[in-house]
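Beneath this line is the structure, given in C-alpha cells, with notes to follow.
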Amino acid sequence: MAGYQALPLELLAEEFAKLPGIGLKSAQRLAYAVISRSDEEVERFANALLSAKRDIHFCPCCQNLTELDLCPICADSQRDHSLVCVVEGPKDVSALERTGEYQGLYHVLHGLISPIDGITPDKLRIRELLARLKGGEVQEVIMATNPTVEGDATAMYLAQLLEPLGIKVTRLAFGLPVGGTLEYADEVTLFRALENRTAMS
C-alpha cells in the first residue's frame, strides 16, 4: 500500500523522530510545521542547524560546548580557578549557572560510567580532567553527577582516581530524589546542594 504522505515529508519526520524525546506523532507535527513555514524561515532554520554543528566544539579546558577558542567561563579571570565542578553534560553547567552562586570552573564528562551501556571510563573526558589537575592550581573538585547508580559510580571512581593527587574531593549534598536530574532542579535546591556539599574521603 502506497504511503499517503509525500516522501520528503516522511523523511523529514523520520529525522525529527531520531532526536531524543521526540516520538513519531511529535515528529510528524514538526515536519508539518516546517513545511508550513516560508522559504526564508526554513532557510534560517537549516542555517542555524548547520552553523551549530559546524561552529560549536569542545572547550579545550573544561570540555563544555563553545564556539570560541576558550569558553567564557574558563576565560573569566574573576572565576575561582581553584575550584572545579565535575558534571555529566553541558545542560548541567547551565543548571548550576542559573543559581548565580557558583563561581568556580567546570569539567564536563559527556556521560557517566555505565558498563551495561558500553560506557567505560575511557569513553568519558577523564583524561582531560586529570591533565588540567596536574598544574596544581585546583584545590577542590566537586562531584556534581546526578544521584543515580551511574552518577554515584562515576563520582566514586573519580574520587578514588584523584585521591593520590591530594586534591580535596567533595560531593553535592543533593536535595533531590534518587533518580532525579540536575537539569530539572530549581535554583534554590541547587544552591543548597552546593552549599552543603560533603567530603567523599
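The values are calculated or read from the model by the stated rules, or taken from the named source; none is laboratory data. The structure displayed is predicted, hence computed values, not measured ones. Backbone-built Cβ (ideal geometry, glycine too); neighbour counts: all protein chains shown. Accessible surface areas use protein heavy atoms only, side chains included; no ligands, DNA or RNA. Shrake-Rupley method; radii C 1.70, N 1.55, O 1.52, S 1.80 Å.
If you take every DSSP beta bridge whose two residues both sit in the chain, what share of them, in percent to the nearest 5, is antiparallel?
Details: 5 of 18 bridges.
Close to 30 percent.
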(message) Cut-off 18 Å, label point 7 angstrom out along Cα-to-Cβ of ILE22: give me the residues of the stretch 39-56 whose amide nitrogen falls inside.
(response) 41-54
(request) Pairs of Cα atoms under 8 Å, at least six residues apart: use those to get the relative contact order of the chain, whole percent. (result) 16 percent
(request) If a/c stays under 1.5 just call it rounded; otherwise compare a/b with b/c (prolate if a/b is bigger, oblate if not). Do that for the stretch 47-201, with a ≥ b ≥ c from the square roots of the Cα gyration tensor eigenvalues. (result) rounded
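Can you compute the charge dipole magnitude of the stretch 19-92 about its Cα centre, using +1 on each Lys and Arg Cβ and -1 on each Asp and Glu Cβ, nothing else charged? Give it in debye, rounded to the nearest 20.
The dipole magnitude comes to about 380 debye.
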(request) Give the peptides 35-43, 92-100 in descending order of average Cβ contacts within 10 Å, highest first. (result) 92-100, 35-43
(request) Quick one: net charge around SER94, please, counting Lys, Arg +1 and Asp, Glu -1 for every other residue with C-beta under 13 Å from its C-beta. (result) -3
(request) Compute the accessible area per residue over the chain, keeping the other protein chains in place, probe 1.4 Å, unit Å². (result) 60 Å²
(request) At most 15 other Cβ atoms within 10 Å and a DSSP loop assignment: could you name the chymotrypsin sites (Phe, Trp or Tyr not before Pro) in the stretch 26-118 that fit? (result) none
(message) Suppose R0 equals 25 Å. What FRET efficiency, 1/(1 + (r/R0)^6) with r the Cβ-Cβ distance, do ALA48 and ASP76 give to the nearest 0.05?
(response) 0.40
(request) Place +1 on the Cβ of every Lys and Arg and -1 on the Cβ of every Asp and Glu in the chain, take the dipole about the Cα centre, and give the residue among LEU172, ALA185, GLN28 whose Cα lies farthest towards its positive end. (result) LEU172
